[in-house]
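The values are calculated or read from the model by the stated rules, or taken from the named source; none is laboratory data. As the structure is a computational prediction, the values presented were derived from the model and not from experiment. Neighbour counts are summed over all protein chains in view; Cβ atoms, including those assigned to glycine, are modelled from backbone coordinates with ideal geometry. Accessible surface areas use protein heavy atoms only, side chains included; no ligands, DNA or RNA. Shrake-Rupley method; radii C 1.70, N 1.55, O 1.52, S 1.80 Å.
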Amino acid sequence: MNPKIERAIYIGLIVVLAGLLVSFGKKEVELQKQIPVTAQELYKKLANPNVNIQIIDVRPYEPEDEDYDDEYLYYTDIHLPGAIPLPDCDESKAPEEAVEQINPYIPTIIVSRDGDPEIFKKCAQKFKIAQNLAGGVVAWDEAGLPTEDGEYEPPKMGGGGGCL
């Protein structure tokens with residue numbers, strides 16, 4: 001067979017296979033968006049130092065007044081360790097230092113009070129890879145997993161590790 005024809009066939013096959021690979025990758029990302037992650041699954045992922053995930057908390061940042069009885073309403077009352085506040089997925093409502101930490105290209109878990117699919121759908125558009133936390137912060141806390149409270153503190157610069 002002519003080497004030029006053989007080369008053209010191989011290049012054609014590579015292009016077709018590359019197209020299929022990209023297509024399957026896009027489908028996988030779309031399927032991931034449809035399947036929420038459970039609190040236990042997320043905890044296991046966060047415990048793995050080789051997995052890079054950002055957690056975006058879409059609940060209101062802090063209360064306007066102190067007259068409420070639901071500890072799950074506000075970020076400052078209770079949140080997942082390392083969660084970045086982004087109320088209603090609106091950068092203008094988030095603390096400035098939190099907005100600086102958000103990366104739309106890192107796999108992201110969206111956390112609401114109770115895993116609201118509507119706010120997830122709105123927020124997931126801002127990230128390349130996003131999943132909803134099933135049951136939200138309520139499910140996380142009821143599973144007895146570690147939580148934090150108080151205002152957002154950006155991660156400290158430098159190396160090191162740690163655990164939840």
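Brief remarks on what is shown
- Qualifying residue in the stretch 23-45 (condition: touching a Gly at 6+ places or on another chain (Cβ under 9 Å) and small (Gly, Ala, Ser)): yes
- Filtered by the rule that a residue be touching a helix residue (DSSP H, G or I) at 6+ places or on another chain (Cβ under 7 Å) and over 26 Å from Glu151 (Cα atoms), the stretch 18-73 gives a lone residue, Lys33.
- Tabulated pairs, the stretch 86-106, first over 11 Å from Lys126 (Cα atoms) and open to solvent by less than 70 Å² (accessible area, probe 1.4 Å), second of a type in the set (Lys, Arg) and not in a helix (DSSP H, G or I), C-beta under 8 angstrom, 6+ apart or interchain: Pro87/Arg59
- Sole residue being out of contact with any strand residue (DSSP E or B) (no Cβ under 8 Å at 6 or more places or on another chain), in contact (Cβ under 8 Å) with a residue 60 or more places away in the chain and among the hydrophobic types (A, V, I, L, M, F, W, C), chosen from Ala143, Ala134: Ala143
- Tyr43 surrounded by 14 or more Cβ atoms within 10 Å (Cβ to Cβ), outside any helix (DSSP H, G or I) and aromatic (Phe, Trp, Tyr): no
- Output for the stretch 55-85, where each listed residue is open to solvent by 50 Å² or more (accessible area, probe 1.4 Å) and touching a residue at least 40 places away in the same chain (Cβ under 8 Å): Glu62, Leu73, Gly82
- Filtered by the rule that a residue be among the charged types (D, E, K, R) and either in contact with a Ser or Thr (Cβ under 9 Å, 6 or more places away or on another chain) or assigned to a helix (DSSP H, G or I) (or both), the stretch 63-118 gives Asp88, Glu91, Lys93, Glu96, Glu97, Glu118.
- Of the criteria (1) over 24 Å from the mean Cα position of the chain (by Cα); (2) under 23 Å from Glu100 (Cα atoms), which one Leu46 fails: (1)
Every residue, every condition in (1) modelled with pLDDT of 90 or more; (2) closer than 17 Å to Thr108 by Cβ; (3) touching an Asp or Glu at 6+ places or on another chain (Cβ under 6 Å); (4) open to solvent by less than 100 Å² (accessible area, probe 1.4 Å), yes or no:
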position: Ile5; (1), (2), (3), (4): yes, no, no, yes
position: Ala18; (1), (2), (3), (4): yes, no, no, yes
position: Val29; (1), (2), (3), (4): no, yes, no, yes
position: Ile35; (1), (2), (3), (4): no, yes, no, no
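- Subset of the stretch 21-38 that is assigned to a helix (DSSP H, G or I) and of a type in the set (Val, Ile, Thr) - its residue that is nearest to Lys121 (Cα to Cα): Val29
For (1) charged (D, E, K, R); (2) without any contact (Cβ under 8 Å) to a residue 60 or more places away in the chain, each residue gets a yes or a no:
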{"residue": "Gly19", "(1), (2)": "no, yes"}
{"residue": "Ser23", "(1), (2)": "no, yes"}
{"residue": "Lys27", "(1), (2)": "yes, yes"}
{"residue": "Glu30", "(1), (2)": "yes, yes"}
{"residue": "Lys33", "(1), (2)": "yes, no"}
{"residue": "Val37", "(1), (2)": "no, no"}
{"residue": "Asn50", "(1), (2)": "no, yes"}
